[in-house]
1. What is the sum of charges around Asp591, taking Lys and Arg as +1, Asp and Glu as -1, for the other residues whose C-beta is under 13 Å from the C-beta of Asp591?
2. For the chain, how big is the tail of P(r) above 44 Å, as a whole percent of Cα pairs?
3. Which net charge results when you count Lys and Arg as +1 and Asp and Glu as -1 among the other residues whose beta-carbon is under 14 Å from that of Val501?
4. Which trypsin sites (Lys or Arg not before Pro) in the stretch 695-760 pass both tests, a DSSP loop state and at most 10 other beta-carbon atoms within 10 Å?
5. What's the Kirkwood radius of the stretch 630-760 in Å, using all Cα pairs?
6. With the convex hull built on the Cα atoms of the stretch 6-165, state its orientation-averaged projected area in nm².
7. Magnitude of the Cβ-charge dipole of the chain, K/R +1 and D/E -1, about the Cα centre, nearest 20 debye?
8. In Å², and per residue, what accessible area does the chain have when probed at 1.4 Å with the other protein chains present?
Amino acid sequence: MSSIGTKLLNSLRSVERSGDFCVGGIREIFMPTIDVDGVGRIAFPILPVQAERLVAIAEAAPYGRGEETVVDRDVRRTWQVDPAKVRIGGRHWEKTLADLVADIARGLGVSEPVAADFYKLLVYDTGGFFVDHRDTEKAAGMFATMVLTLPSTHDGGELIVKHLGRETVLDLRPNEPSEIGFAAFYADCVHEVRPVTAGFRLTLVYNLRFVGKGRTLKAPDYRAEHDRVVELLRGWASADDEPDKLVLPLEHVYTPAELSFSALKGADAGVASVLVKAAAEADCDLHLALVSIEESGSAEDTGYYGRRRWSRDEEDDEDEKFEVVEVFDRVLVLSEWRRPDGGEARFSDFPFAEDELCPADAFDDRTPDEQHFHEATGNEGASFERTYRRAGFVLWPAARRLAVLNQAGLDTTLPALEGLTARWEASKASMQSPLWREADELSGHMLRSWSRASWRADGDAEAGRMLDLQVRLGNVARIDAFLAELSAEGHYAASDNGAIVRAVALLPAPRATELLIRIVRRNAPAHLGACADLLLRCVAAPTGVTGDLGQIGAALIDVLPDDPTRPKPVEPWQADPWQRAKAVKPAFVVDLLTATSRIDAGLAARAIANLLASPETYKPDDVLVPAARAFAKMAKSTAWPAVVRLREASLAHLRGRVALPLEAPRDWTRANPLKCTCADCRGLGAFLVAPDQQQWRLKAVQDRRSHVEQSVRSAVCDLDLTTERRGSPHTLVATKNQASYERRAKQRRQDLEHVSALGG
């Protein structure tokens with residue numbers, strides 16, 4: 001575990017519970033019935049005449065001064081009604097009060113059972129107030145005071161609670177007759193009631209105490225822990241050899257549905273109260289997340305089902321039967337992100353490292369949340385998969401935010417970079433602006449972690465998006481680095497070409513030429529068509545922006561497959577099975593000859609000479625003739641010498657085949673291409689060359705019939721095969737056809753069509 005992780009855990013170890021020194025707010029409830037001797041049942045909101053009658057039967061409220069209880073209207077101007085004269089009830093009141101007290105206890109960080117004892121009813125008339133004071137503990141186990149402000153029309157009378165340098169102002173005036181204002185605070189907190197400037201403020205005061213216990217409890221005081229954590233976090237951003245983030249698993253179990261800062265319990269909530277404030281003060285980001293560890297590896301079949309041998313739960317039986325031998329793969333992931341303010345974090349799943357987990361053994365000796373064993377199959381032994389899950393705090397310095405964001409991968413960083421780029425463009429600021437520098441920093445993190453794998457899935461547009469963002473930013477250094485370290489090293493696909501051309505336009509012409517040559521030389525063997533498309537795009541760009549086109553075109557011709565003019569050393573990367581060249585498409589020939597013809601006729605002549613010299617690679621029927629037909633539709637290209645030569649070569653190939661004799665068979669003689677010499681195949685071969693036999697029958701077991709069928713399919717014979725299923729064994733029936741002649745006739749028609757299309 002990292003040094004800062006150890007120190008942070010030590011600083012938080014004494015945080016045992018949650019809670020603040022006070023809680024308060026407005027709540028809609030089932031209102032109680034309140035009857036007061038001499039006044040009657042109180043109406044809500046309280047009527048002025050009832051308030052005046054309450055004052056008439058009340059007495060001036062005293063306050064404690066040392067061991068004395070005194071009345072001083074300059075310190076406290078409040079009327080109190082003897083609790084013996086007050087009766088509070090109602091069908092729902094007992095449950096309503098219990099629920100409210102339970103919520104207040106959680107807010108104060110108390111998990112034990114709490115009782116609320118009615119203390120007195122207070123009336124503040126206009127001018128009423130109470131200066132700073134502390135409540136005395138009036139009963140065994142009392143630890144806090146609860147105040148309920150009843151619906152009444154008044155102004156002023158705010159409750160102010162102070163503790164350890166903090167101050168909270170609570171305006172508890174209900175807006176509706178069905179609402180009350182509530183507040184609770186520890187008995188050691190200083191508090192006051194500001195003067196009521198109009199109307200009457202009516203409150204019920206309760207003492208909160210532990211049920212069945214005589215101990216007291218003071219408001220949590222984590223100032224020392226807070227100061228230590230702030231000091232640690234402030235030094236983290238500049239510390240060497242420390243992780244970019246820390247993950248602190250929680251003590252309690254939380255489902256994703258209940259995972260939030262407001263729902264934390266016990267020590268988890270206490271630690272959150274320290275971390276939230278300390279992180280904000282130290283300029284760090286804090287989140288909650290679901291921490292998952294997924295493991296897989298080898299298992300061993302013990303052959304013993306244990307005590308659950310006769311269990312009907314097959315999954316339990318399997319768990320008893322196997323045991324884990326070795327972990328081969330371990331994936332650590334953060335998901336289900338939550339912010340302290342309850343807002344959306346907008347993070348996808350994050351990986352995290354072993355040294356970021358605090359403590360490092362947080363998942364040791366825990367029972368997996370999911371575990372599955374798989375029996376041995378074939379050459380593979382028994383295996384297992386298991387998952388551990390816990391919620392946790394995730395923390396990092398704001399200065400390392402972009403490095404942490406980069407760990408989430410391109411699904412997160414590319415949209416983030418697009419957002420930064422758009423904001424910088426909208427601001428019309430210079431490259432020295434904080435927004436541009438932030439975009440540049442994120443780009444650097446992304447480039448350093450970008451996969452160098454040469455294999456690219458079709459349609460993968462991430463590289464193109466990245467390059468276009470750098471073009472929008474005008475970030476020449478990042479463009480150069482991306483092209484040199486990625487595109488020119490095999491991380492390349494046809495979908496990158498548009499972005500590459502736009503990007504090199506920002507580079508000096510010599511550097512653009514150098515990089516494009518490197519990209520072509522490195523990638524052409526596996527991406528021939530893509531490189532020809534890249535060259536054509538460079539030709540179509542404004543003159544000079546993509547460097548020396550002649551050198552780039554020559555570089556592509558130099559690496560054409562099956563070039564007879566150069567040796568063919570095999571580079572290590574060319575042995576990579578993912579880098580094997582794909583079949584050449586006609587579009588490659590069209591792009592290559594179009595680009596080189598526009599650059600230089602001599603360059604195009606070299607290109608067409610190489611193509612015509614390698615008919616096994618650039619097949620006339622599959623590649624050259626379709627390319628020539630494509631050029632025939634492009635009027636401007638028909639005069640290019642290289643295209644003229646392609647047309648002539650295609651016509652010569654077609655005419656040579658058209659000139660071959662073509663005649664339908666006059667009898668049943670057919671060629672015998674069968675290579676097998678078994679008795680059945682010899683018999684079938686003799687049948688094929690017989691001029692007077694149209695049908696051949698083989699009554700034999702299935703293996704012999706299947707063998708003959710496979711021989712016919714492999715040799716492409718002029719035969720139709722059927723099976724007669726009468727009797728046993730069945731009979732294979734071979735009937736001669738004119739397939740070879742029909743294929744040649746079809747080819748003749750296609751050849752004549754191509755000749756006509758090429759103007760022959």
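The values are calculated or read from the model by the stated rules, or taken from the named source; none is laboratory data. Computed from a predicted model, the values in this text were never measured in an experiment. Note: ideal-geometry Cβ built from the backbone for every residue, glycine included; neighbour counts use all protein chains shown. Accessible surface is based on the protein model in full, side chains and every heavy atom, while ligands, DNA and RNA are left aside. Shrake-Rupley method; radii C 1.70, N 1.55, O 1.52, S 1.80 Å.
1. On the way: positive: Arg537, Lys585, Arg598; negative: Asp533.
Neighbour charge sum, excluding Asp591 itself: +2.
2. 60
3. On the way: positive: Arg502, Arg537; negative: Asp468, Asp496, Asp533, Asp591.
Neighbourhood net charge equals -2.
4. Those satisfying the criteria are Arg725, Arg726.
5. Details: mean 1/r = 0.0559 Å⁻¹.
Mean inverse Cα-Cα distance, inverted, gives 17.9 Å.
6. Reported value for the Cα convex hull: 12.3 nm².
7. Details: 95 positive and 113 negative charges, 776 e Å.
That gives the chain a dipole magnitude of about 3720 debye.
8. Value returned for the chain: 50 Å² of accessible area per residue.
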